[in-house]
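The values are calculated or read from the model by the stated rules, or taken from the named source; none is laboratory data. Because the structure is a prediction, the values reported are computed rather than measured. So basically every Cβ, Gly included, is an ideal-geometry build from the backbone, and we count neighbours across all protein chains shown.
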Amino acid sequence: MLTIGLTGGIGSGKSTVAEFFAELGTPCCDADDVGRRLTQAGSATLLEISALFGSEIVNDDGQLDRPQLRDIIFSDTQKRQQLEAILHPLIRQKIHDWINRQTASYGLISIPLLAENHDQYQFDRVLVLELSPSAQQLRAVQRDKANESDIQAIIASQTSPEQRRAIASDIIDNNGNINELRQQVVRLHNKYCALSKAKPSATN
């Protein structure tokens, strides 16, 4: 299966793009969803994280308090690196297992921090989603119901658009309207289908 790694900054529209690909029959895997499943209430991973960050990051119902954890890791680089050391190997293995189960000609794997961890993944192609910083911040604030300073801190902690572009095989510009975005997805879908036929043995 041809593997496509999808990445982009916070609020850039990765979920929407993945939905459009899924509508075209593309199997999609989301690293954030994998991480959420790994940290469900009572999981060994959540116990390890709470031992590192303290029981206050776990709500009364046993669920991870994601907003509080996010505030911690985006204000403390060392804490973020410690969390990544726990989660990233587990997420990579789950993604690897998912790829091995697929039978489609190509699949899409959404990884927000792919540029930061590019050497840890071996996808056939990398699809980068681009959006202007002002639109990115506005969408992230509205989606997450967060204040602007928190979103600015997250954007600042992520890699630059230039660094993402440096690893890109393909780029989607999400500064237009929803129809323009969908048209770009359709063009890339056709491209990936053709590439998978030309290289049927492509794997991760």
*State all residues of segment 126-144 that are among the hydrophobic types (A, V, I, L, M, F, W, C) and crowded, with 21+ Cβ neighbours inside 10 Å; if no residue qualifies, say none.*
V126, L127, V128, L129, L131, A140
*Return the residue satisfying two criteria in turn: it lies in segment 96-125 and is surrounded by fewer than 22 Cβ atoms within 10 Å (Cβ to Cβ) and of a type in the set (A, V, I, L, M), and of such residues it is farthest from D32 (Cα to Cα).*
A104
*segment 162-204, residues that are assigned to a loop (DSSP other than H, G, I, E, B), at pLDDT 90 or above, within 22 Å of Q120 (Cβ to Cβ) and of a type outside the set (V, I, T)*: A168, S169
*Residues of segment 23-36 being within 21 Å of T103 (Cα to Cα), in contact (Cβ under 8 Å) with a residue 24 or more places away in the chain and in a helix (DSSP H, G or I), which ones?*
A31, V34
*Could you check T159 against (1) modelled with pLDDT under 95; (2) crowded, with 17+ Cβ neighbours inside 10 Å; (3) assigned to a helix (DSSP H, G or I) and say which number it fails?*
(3)
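Return the only residue of L127, L108, L138 being closer than 25 Å to P67 by Cβ and either assigned to a helix (DSSP H, G or I) or in contact with a helix residue (DSSP H, G or I) (Cβ under 8 Å, 6 or more places away or on another chain) (or both).
L138
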*Across segment 37-47, what is the number of residues that are more than 21 Å from L113 (Cα to Cα) and either in contact with a Ser or Thr (Cβ under 6 Å, 6 or more places away or on another chain) or in a helix (DSSP H, G or I) (or both)?*
2
